[in-house]
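Peer 1: Pasting in a structure now, in structure tokens, and then I'll have a few things to ask.
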Protein chains: 2
Amino acid sequence: MKKPEQLITEMGQKARAAFTRLAGVSDAQKSAALVAAARHLRTGQAAILEANRRDMESARDRELSEAMLDRLMIDGERLEAIAAAVEQVAGLPDPVGQVIDRSERPNGLVMERVRVPLGVIGIIYESRPNVTADAAALTLRSGNAVILRGGSEATESNRAIFDAMVAGLVEAGLPEDAIQLVPTTDRAAVGAMLTASGLIDIIIPRGGKSLVKRVQDEARVPVLAHLDGICHTYIGKDADPDKALAIAVNAKMRRTGICGAMETLLIDQDYPAPGPLVRALIDAGCEVRGDDAILELDERIVSADDKDWDTEYLAPIVSVAMVDGVDEALKHIAEHSSHHTDVIVTEDTAMAEKFIQRADSAIVMHNASSQFADGGEFGLGAEIGISTGRMHARGPVALEGLTTYKWVVRGTGQVRP
Amino acid sequence: MKKPEQLITEMGQKARAAFTRLAGVSDAQKSAALVAAARHLRTGQAAILEANRRDMESARDRELSEAMLDRLMIDGERLEAIAAAVEQVAGLPDPVGQVIDRSERPNGLVMERVRVPLGVIGIIYESRPNVTADAAALTLRSGNAVILRGGSEATESNRAIFDAMVAGLVEAGLPEDAIQLVPTTDRAAVGAMLTASGLIDIIIPRGGKSLVKRVQDEARVPVLAHLDGICHTYIGKDADPDKALAIAVNAKMRRTGICGAMETLLIDQDYPAPGPLVRALIDAGCEVRGDDAILELDERIVSADDKDWDTEYLAPIVSVAMVDGVDEALKHIAEHSSHHTDVIVTEDTAMAEKFIQRADSAIVMHNASSQFADGGEFGLGAEIGISTGRMHARGPVALEGLTTYKWVVRGTGQVRP
């Protein structure tokens, strides 16, 4: 058995070589590989479901939670959804080669910025085996090589899905090292990926908070991720009460477990209808934790403590504070937001613009539910994740976020004076 | 005396607060601050030159090299150039607020990506005191707060220039903590900056290779930099001999000490006039180190060893290899380039496009001298540096590279189904 560092080094070198070869591959070939991979996912159904059955069996033996088992499980319907998602990525427009901007200099040199792939991408993920197909499809579509490292509980399922993806590569004549799966569950392999500067260009963790935190803490390679989604909705004094109510309930309760779910509601002290707002949340099944002013609105409200303002519940619980104007709302958000998605609800356009300008988050919304924080809803197609970092890509990251650019200078013999 | 970690933490917090305040400042105010700063640089000439005289005196006592002394020295003419550069940055268009793209979704939501500043930028630099003014001007112009850490040999000069910059801020009513100078030459302060995740968003080193290497090795904060400029020029078999000769001599000899200078010349084995090319370099005063095939061209050529292909000479020395076609040239470049700037000279457009597509460098040029690798030559205005990293910004980094974006979602009460 190879040492994890040596294993990752060799995989990284193979990935780099595959990446270099991908630069000479046409867009049509990359699409064809994904279409073929989707077909192999379908024709390989028996093998994939059998592999998943073995994973499920071990998981039950290890007494994993029902939620974990559900994330792990693949049936015919889920496999069809995985294959369809790969086909959908095959149909997205290729960002590579796109000219971002172009200028001609007085000396006749033409300067273009052209989109190119990022390079070798490392994906570290947990339980859900569909990430194997999704991540491989998105990274290949954008011309990158990928090293996948899935969770130990999904080893067999990941391997079976991975085999179908590689079969697609081979069928389309692409280098099979463009998609690699780390063949060990040794946690030291994750450490080796996180420190593989020069071999891996970027790491994208997909999974729970403890995984993301470990990756962010230990990585010496750039990381694209978000740790928390502590999203705020501020109801301004001039908010339309119907919109306010619909947006607050949707932002919190549509799905409570996603990163774009509202965790804190800020109500302006001059907003005329705070009572119906919190009661609608309570009636929808949400626990409301309020500050002193909010507590007076309804006896079912419980008292929030200091920790509530920094908590991502991912559950039907919301912290609610009353604030004195947009400046105090912005101050609260600056102190407690995770810079994911923050929302203002108001009919006052000038106030909305002020909020949009000052709220320092990856996504800032006016009169909309924070649950729209999703690459598909943004029209970007499938997303690889949402980034709360400030560098490179922010918010939903899809194909374009998996690219960078290079400068192309076209001359006719110019020399610099 | 505060501990370096505490000092940097406090400076980082002040910078973050200033950055937040800058979000509410108009473009005109930022420009006005820089115009005022330029005036303070001029009216403060006596104090700045006196401070520089003291630095020069210490530097001579410490027997610094003539090259170091020259980099450190400020006279009236150089100070005027520093002030003029600050005014020039004041006149550049503000990237902040620019709408990168915009789309309307079927549900009526409008998605915009809007340029915003990066945040708090740390600049770590050596000897040249003009960096104090340049870096402060570029970071402020793009709406960022900056923490400057100059070299110990320029302490007094940096402080005097810094005072003028802050006087400009104060005069324009901007938060003075938007530009801060680390008040100690304790090297531990650099370490504290490099690990100040969450306080400093990006570090930009400006200086020699050992500084950049230390920053890249130790930083836990993203770094924008280049370590080497090992730039190649490949002369294809169909290159125009006049262009080839002019470009090769210019790329190597115009200025040998800059990162865009050619370090390796690759000549196609079917290029008809290799002799005149290397003789022109030798006649221009360049030492030519060749492989076996090149050695036969002229007896003044010396033999290259393995190290030469990975050496940034920054001197009138060039390594020259003969290669078999564009694929071998690309292979050599993939192995030895520092991904800064690589050039093809050819009249064969298809071959040029192949080279442009495959060469994985921040800047790829066709029929032009690599010495054009400079923000000013690219029409970007003053640059903060050149990046060979793949993330965020590549090649010359100017105002736009000091920004990121946020998503602005404009709705009319939409909730997600």
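The values are calculated or read from the model by the stated rules, or taken from the named source; none is laboratory data. What you are looking at is a predicted structure, and each value in this text was computed from that prediction instead of being measured. Note that we place each Cβ from the backbone using ideal geometry, even for glycine, and neighbour counts take in every protein chain shown.
Peer 1: Please find, within region A:368-384, the residue that is surrounded by the most Cβ atoms within 10 Å (Cβ to Cβ) out of those that are within 8 Å of chain B (Cβ to nearest Cβ) and of a type in the set (A, V, I, L, M, F, W, C).
Peer 2: That would be A:Ala368.
Peer 1: Checking the conditions here, which among A:Ala136, A:Ala145, A:Ala192 is modelled with pLDDT of 95 or more, small (Gly, Ala, Ser) and under 23 Å from A:Gly376 (Cβ atoms)?
Peer 2: Numbers: A:Ala145 fails: under 23 Å from A:Gly376 (Cβ atoms); A:Ala192 fails: under 23 Å from A:Gly376 (Cβ atoms).
After applying the criteria, what remains is A:Ala136.
Peer 1: Related question: Would you say B:Gly150 is closer than 22 Å to B:Arg62 by Cα and either touching a strand residue (DSSP E or B) at 6+ places or on another chain (Cβ under 8 Å) or among the basic types (Lys, Arg) (or both)?
Peer 2: Values: closer than 22 Å to B:Arg62 by Cα: yes; either touching a strand residue (DSSP E or B) at 6+ places or on another chain (Cβ under 8 Å) or among the basic types (Lys, Arg) (or both): yes.
So B:Gly150 fits the description; yes.
Peer 1: A further question follows. The conditions are (1) over 30 Å from B:Arg254 (Cβ atoms); (2) in a strand (DSSP E or B), and A:Ile356 fails exactly one of them. Which is it?
Peer 2: Going through the list (1) over 30 Å from B:Arg254 (Cβ atoms); (2) in a strand (DSSP E or B), A:Ile356 breaks only (2).
Peer 1: Can you give me the number of residues within region B:385-417 that are part of a loop (DSSP other than H, G, I, E, B) and either within 7 Å of another protein chain (Cβ to nearest Cβ) or touching a Ser or Thr at 6+ places or on another chain (Cβ under 8 Å) (or both)?
Peer 2: So in region B:385-417, the residues part of a loop (DSSP other than H, G, I, E, B) come out as B:388-394, B:398, B:415-417.
Subset that is either within 7 Å of another protein chain (Cβ to nearest Cβ) or touching a Ser or Thr at 6+ places or on another chain (Cβ under 8 Å) (or both): B:388, B:390-394, B:415-416.
So the answer is 8.
Peer 1: A follow-up question, please. When you look at A:Asp177, is it surrounded by 23 or more Cβ atoms within 10 Å (Cβ to Cβ), of a type in the set (Asp, Glu), under 19 Å from A:Gly119 (Cβ atoms) and in the same structural domain as A:Tyr125 (by TED's automatic domain parsing), yes or no? Let's see the steps before the verdict.
Peer 2: Details: surrounded by 23 or more Cβ atoms within 10 Å (Cβ to Cβ): no; of a type in the set (Asp, Glu): yes; under 19 Å from A:Gly119 (Cβ atoms): yes; in the same structural domain as A:Tyr125 (by TED's automatic domain parsing): yes.
Judged against the criteria, A:Asp177 is not a match.
Peer 1: Examine region A:168-190 for a residue that is within 14 Å of chain B (Cβ to nearest Cβ) and either touching a Lys or Arg at 6+ places or on another chain (Cβ under 7 Å) or assigned to a helix (DSSP H, G or I) (or both), and state whether such a residue exists. Spell out the reasoning first.
Peer 2: First pass over region A:168-190, keeping only residues within 14 Å of chain B (Cβ to nearest Cβ): none.
So far as region A:168-190 goes, no, none of its residues is within 14 Å of chain B (Cβ to nearest Cβ) and either touching a Lys or Arg at 6+ places or on another chain (Cβ under 7 Å) or assigned to a helix (DSSP H, G or I) (or both).
Peer 1: Also, I was wondering about something else. Kindly state which strands (runs of 3 or more DSSP E) lie completely within region B:90-143 and contain at least 1 residues that are crowded, with 19+ Cβ neighbours inside 10 Å. Quick ask: steps written out before the conclusion?
Peer 2: Working: elements: B:99-104, B:110-117, B:120-125.
Of the strands (runs of 3 or more DSSP E) lying wholly inside region B:90-143, those with at least 1 residues that are crowded, with 19+ Cβ neighbours inside 10 Å span B:110-117, B:120-125.
Peer 1: Separate question: So B:Met365 ticks every box in (1) buried (at least 22 other Cβ atoms within 10 Å of the Cβ); (2) touching a strand residue (DSSP E or B) at 6+ places or on another chain (Cβ under 6 Å); (3) more than 10 Å from chain A (Cβ to nearest Cβ) but one. Which box is left unticked?
Peer 2: (3)
Peer 1: Can you report the number of residues in region B:212-242 which are more than 11 Å from every other protein chain (Cβ to nearest Cβ) and polar (S, T, N, Q)?
Peer 2: Of the residues in that region, 1 qualify.
Peer 1: Out of region B:192-211, which residues are touching a Leu at 6+ places or on another chain (Cβ under 8 Å) and either basic (Lys, Arg) or surrounded by fewer than 21 Cβ atoms within 10 Å (Cβ to Cβ) (or both)?
Peer 2: Here is the first cut: in region B:192-211, the residues touching a Leu at 6+ places or on another chain (Cβ under 8 Å) are B:192, B:201-205, B:209.
B:Lys209, the sole residue that qualifies.
Peer 1: What are the residues in region B:344-362 that are closer than 25 Å to B:Leu297 by Cβ and either in contact with a Cys (Cβ under 7 Å, 6 or more places away or on another chain) or surrounded by fewer than 19 Cβ atoms within 10 Å (Cβ to Cβ) (or both), if any?
Peer 2: Across region B:344-362, the qualifying residues are B:Glu347, B:Asp348.
Peer 1: Failed condition for A:Arg71, given (1) touching a residue at least 24 places away in the same chain (Cβ under 8 Å); (2) among the basic types (Lys, Arg); (3) loosely packed, with under 15 Cβ neighbours inside 10 Å, with all others met?
Peer 2: A:Arg71 satisfies every listed condition except (3).
Peer 1: So B:Ile203 passes all but one of these: (1) touching a residue at least 40 places away in the same chain (Cβ under 8 Å); (2) within 25 Å of B:Ser127 (Cα to Cα); (3) outside any strand (DSSP E or B). Which condition number does it fail?
Peer 2: Only one criterion is unmet by B:Ile203, namely (3).
Peer 1: Among (1) in contact (Cβ under 8 Å) with a residue 24 or more places away in the chain; (2) at positive phi, where does A:Ala81 come up short?
Peer 2: Of everything listed in (1) in contact (Cβ under 8 Å) with a residue 24 or more places away in the chain; (2) at positive phi, A:Ala81 misses just condition (2).
Peer 1: Report yes if some residue within region A:316-329 is farther than 24 Å from A:Leu227 by Cα and either in a strand (DSSP E or B) or basic (Lys, Arg) (or both); otherwise report no.
Peer 2: Initial filter on region A:316-329 (farther than 24 Å from A:Leu227 by Cα): A:322-328.
From what's left, either in a strand (DSSP E or B) or basic (Lys, Arg) (or both): A:322-323.
Within region A:316-329 (the criterion being farther than 24 Å from A:Leu227 by Cα and either in a strand (DSSP E or B) or basic (Lys, Arg) (or both)), the answer is yes, since at least one residue qualifies.
Peer 1: Show the residue pairs meeting these rules: Cβ distance below 9 Å; 6+ apart or different chains; first residue within region B:37-48 and closer than 14 Å to B:Thr132 by Cα; second residue among the hydroxyl-bearing types (Ser, Thr, Tyr).
Peer 2: B:Ile48/B:Ser157
Peer 1: Could you run through region A:145-165 and say how many residues are of a type outside the set (Val, Ile, Thr), touching a residue at least 60 places away in the same chain (Cβ under 8 Å) and part of a helix (DSSP H, G or I)? Don't jump to the end; show me each part of the working.
Peer 2: Step one: filter region A:145-165 for residues of a type outside the set (Val, Ile, Thr), giving A:145, A:148-154, A:156-160, A:162-165.
Subset that is touching a residue at least 60 places away in the same chain (Cβ under 8 Å): A:145, A:153-154, A:156-157, A:159-160, A:163-165.
Still in the list and also part of a helix (DSSP H, G or I): A:153-154, A:156-157, A:159-160, A:163-165.
Selection size over region A:145-165: 9.
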